[in-house]
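What follows draws every value from the coordinates through simple rules; no lab data is involved. If you're wondering where the values come from, they're calculated on a predicted model, not measured in any experiment. Virtual Cβ from ideal backbone geometry, glycine too; neighbours counted across all protein chains shown.
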Amino acid sequence: MSLNTIDYPTDDLPFQLTPYSPTIGGEISGIDLRQPLTDDQVEGIRAALLDRKVLFFRDQNITTDQHLDFARNFGDLEVHPFAPHKDGYPEILAITHDRDHPGQENGWHSDVTWRQQPSLGSVLRCIECPSRGGDTLFADMYAAYDGLPAAIQELVEGRLALHDFEGFRARLRKRGATEAELEDFNKAYPNPQHPLIRSHPETGRKGIYVNAAFTKHIIGMEREESARLLAILYHQASMPEYQCRFHWAANSMAFWDNRACQHYAASDYWPQIRRVERATIIGDTPFYTTEGPVANMAESPFRGRIARQRVEPGHSLFKS
Ligand code: SIN
């Protein structure tokens, strides 16, 4: 599997980039998304995304077509088969929460990992936000992987996990879907097996690629042991040292790399309204390779210090 070389013109970016945390998140200013992006801007954003994993934009009073145009600079867009879309825009996922529909994206996840080819990235735009709360948190899955004890890294290497869209099945039933219709969805979207640790196709960095929303179990592992190991991996996303947090305002946007980070939408604003719209860029088939990161990559590796419990095979966490 060959990995692309990244050319990251850090001192010469065609916009200003303000990092949020040492490894994840960066706010871009000096770009007006009402205008088509130049090739330099697209390349600069792509490179900044590979380093920061999520990019933020403010005050982008754009149309839905301009939102789609921005996302299309980075790949083809998918149509979500289960979630409601904006009228007339099948590629825009409309996510609205209010008194009768409390927030439900408050679980760490990477988007659509129940697909054989999950998303490369998502571009979310805030239409209306609560007066307080409703932030989205992002966790750096490279740092989360690097922070695992060596024994766990060995245990997970090369293993696969099964992913499923179970949460959506429940929502579809609520909306009146019949069992026959659900069976058609099961056939159209068969459960994929993805590596627990994914090599990023562009950076070559290894990151945790299981999430509590869509991962069911580890292939070839006894269910209880699989659940314990997954719990350790899921826990990594909840470490504040690996995170950044974005506070929304109307016309703010976030563009995240689903291959390198997970996100969590805080559901702390009920009964206020929170309305966001998402375009989702199609990705490729996840893979794992022992090859290291690409040579000339500019990146911000995690350098924090985290006191943690030693976890070894044979530890009670692994006793079935
Ligand atoms: C999502 O999970 O894609 C939505 C995140 C958010 O609403 O902040």
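Quick notes on this one:
- Stretching the chain fully between R72 and D87 yields a gain of 3.5 nm (0.36 nm per residue, less the alpha carbon separation).
- Sites listed here are trypsin sites (Lys or Arg not before Pro) in segment 150-200 whose DSSP assignment is loop and whose Cβ has at most 15 other Cβ atoms within 10 Å: R175.
- Projected-area mean, the chain, by convex hull of Cα positions, square nanometres: 17.1
- The chain: calculated mean residue ellipticity at 222 nm from DSSP helix runs of at least 4, using -39500 (n - 2.57): -6500 deg cm²/dmol
- Beta-bridge orientation, the chain: approximately 95 percent antiparallel, per DSSP, counting only bridges with both partners inside.
- Once C-alpha pairs closer than 8 Å and six or more residues apart are averaged by separation and normalised to the residue number of segment 10-318, the relative contact order reads 34 percent.
- Radius 15 Å from Cβ of P195, net charge of other residues (Lys, Arg +1; Asp, Glu -1): +3
- Each listed q (0.09, 0.12, 0.14, 0.17 Å⁻¹) maps to a log10 I(q)/I(0) for segment 62-199, found by the Debye formula over equal Cα scatterers with no solvent: -0.37, -0.66, -0.89, -1.23.
- Computed lengthening from D284 to S131, 0.36 nm per intervening residue step minus Cα-Cα distance: 51.3 nm
- Links that overshoot a 24 Å alpha carbon limit, given the list K53/K174; K174/K216; K86/K206: K53/K174; K86/K206
- 15 Å cut-off, amide nitrogen to a point 7 angstrom out along A170 Cα→Cβ, residues in segment 182-218: 212-216
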